[in-house]
Amino acid sequence: MTTTTAPRKTMSKAAARKAFAGTDPDTLRGYFRDMLFVRRFEERTAQGYTQAKIGGYCHLNLGEEATVVGLAAAMRPTDYLFTNYREHGYAIAKGIEPGRVMAELYGRSTGTSKGWGGSMHMFDTATRLLGGYGIVGGQLPLAVGAALAIDYRGGDDVVVCQMGDGTTNIGAFHESLNIAALWHLPVVFVVINNQTGMGTTVEQSSAEPDLYKRASAYRMRGERVDGTDVLAVRDIASELVEAARREGKPALLEAVSHRLKGHSVVDPAKYRSAEAVSIAHESDPVARLERELIAAGVLDKDTVAVIEAEVREGVDAAVAFADASPHPEPTSLFDYTYATPVAGESRRLPADPLF
Ligand SMILES: Cc1ncc(C[n+]2csc(CCOP(=O)(O)OP(=O)(O)O)c2C)c(N)n1
């Protein structure tokens, strides 16, 4: 498979049954439900943005739902996850209550970061989602640091570090992979190759557009997977996560998918060709899983309708929770600037005298 390959053809019933034979039907329906939840949640996020309920930068996981759910399925609840700013789906998949994710988007005090982080800065120690980073590549050195801490303490948790394709040309990418390989740290780097950084294609920006091959520069295992196939993502990610856990072998996984919309909610994506848009829509992972599970006899139209209704109810509840939650107090603006606040300092406003 290459980044430009056309989407997978429709499966016959026999092929679909074979493809899903190894996973029990409840688990498969659960994956479908979770992917649909991310889809509907992100659609409501876009709506909330146009209603000015959500402000700031806002990037959606539309088209990447199979990777989000497949990766979560490969991780233990105690494994750590670092992501870039495109993280709402990951926050939900990692187990954060969707209402708290929506509340963070709404900038409310019940949000994951008490309303001060917004779309790009979700953080939750309980589920071990360690952010949500707005600086491209900012999460990589921190993820390596977390993996070093695990190794130093002799633990068996693993760090998964998600990033976009554009991030592979940032200096921190190379520094982080080098140290992780050199020190045998339990970290799996996952590149979501959604074909473009903001608007520039991988081929235009990367001298080696086969991004998984960059692992070889660090003698690290590199794999490419169809990021619109939830089972394929789960299976290869499980293999890499377990190798990191058992043998301290870091790895690089490239998951290829397609952005269904622009880079952020305000990007009309006019730079994309009609062909690229049509490939993206044909590769829609949610529609495809629905089609294939129906062909395999795991889902039928009635069950899909029930799941759809449950998902919409869940998203409605998240929106209602966010809407009813209070805004943070302005006096708490500087409370979380430093890990250990200096007494009285957190109330100081910019330009106030130090003493
Ligand atoms: C260090 C840095 N440079 C530039 C930006 C502006 N910027 C925000 S997103 C982005 C594109 C990143 O693309 P990619 O890594 O592929 O992630 P994706 O948006 O596709 O998830 C850029 C250049 C930034 N946030 N940080």
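So for segment 4-129, averaging the separation of alpha carbon pairs under 8 Å that are six or more residues apart and normalising by length, what relative contact order in percent results?
Here the relative contact order equals 21 percent.
For Cα pairs less than 8 Å apart in space and 6+ apart in sequence, what is the mean separation divided by the residue count of the chain, i.e. the relative contact order in percent? It would help to have the intermediate numbers written out before the result.
Values: 651 pairs, mean separation 80.7, N = 355.
It comes to 23 percent, rounded to a whole number.
State the antiparallel share, in %, of DSSP beta bridges confined to the chain, rounding to the nearest 5.
Around 10 percent of the beta bridges assigned by DSSP in the chain are antiparallel ones.
Can you compute the helix-only [θ] at 222 nm over the chain? Use -39500 (n - 2.57) per DSSP H run of at least 4 residues, normalise by all residues, nearest 500 deg cm²/dmol.
-13500 deg cm²/dmol
Express in Å², to the nearest 10, the accessible area of residue 303 obtained by rolling a 1.4 Å probe over the protein heavy atoms while all chains stay in place.
40
Hey, any idea what % of the chain's accessible area is carbon plus sulfur with a 1.4 Å probe?
57
What whole-number value in Å² describes the accessible area per residue of segment 60-191 for a 1.4 Å probe? Before the final figure, lay out each step's value.
Details: 4190 Å² over 132 residues.
For segment 60-191, the solvent-accessible area averages 32 Å² per residue.
Using Cα positions and a limit of under 26 Å, work out the lysines in reach of residue 114, with same-chain residues fewer than 8 apart set aside.
53, 94
Any chance you could check the Cα centroid distance between segment 167-226 and segment 232-255 for me, in angstrom?
Their Cα centres are 14 Å away from one another.
Setting aside same-chain residues fewer than 8 positions from residue 18, which lysines have a Cα under 19 Å from its Cα?
Of all the lysines, those that pass the test against residue 18 - Cα under 19 Å, at least 8 places apart if same chain - are 9.
Please work out whether the chain counts as rounded, prolate or oblate from its C-alpha gyration tensor, where a ≥ b ≥ c are the square roots of the eigenvalues and a/c under 1.5 means rounded, while otherwise a/b larger than b/c means prolate and anything else oblate?
Taking the square roots of the gyration eigenvalues as a ≥ b ≥ c, the chain is oblate.
Of the trypsin sites (Lys or Arg not before Pro) in segment 205-300, which ones lie in a loop per DSSP and count no more than 16 other C-beta atoms within 10 Å?
219, 270
The values are calculated or read from the model by the stated rules, or taken from the named source; none is laboratory data. Treat the numbers as computed from the prediction; the structure is a model and nothing was measured. All Cβ positions, even for glycine, are placed from backbone atoms using ideal geometry, and neighbour counts span all protein chains on display. These area figures cover heavy atoms from the full protein model, side chains too; ligands, DNA and RNA do not enter into them. Shrake-Rupley method; radii C 1.70, N 1.55, O 1.52, S 1.80 Å.
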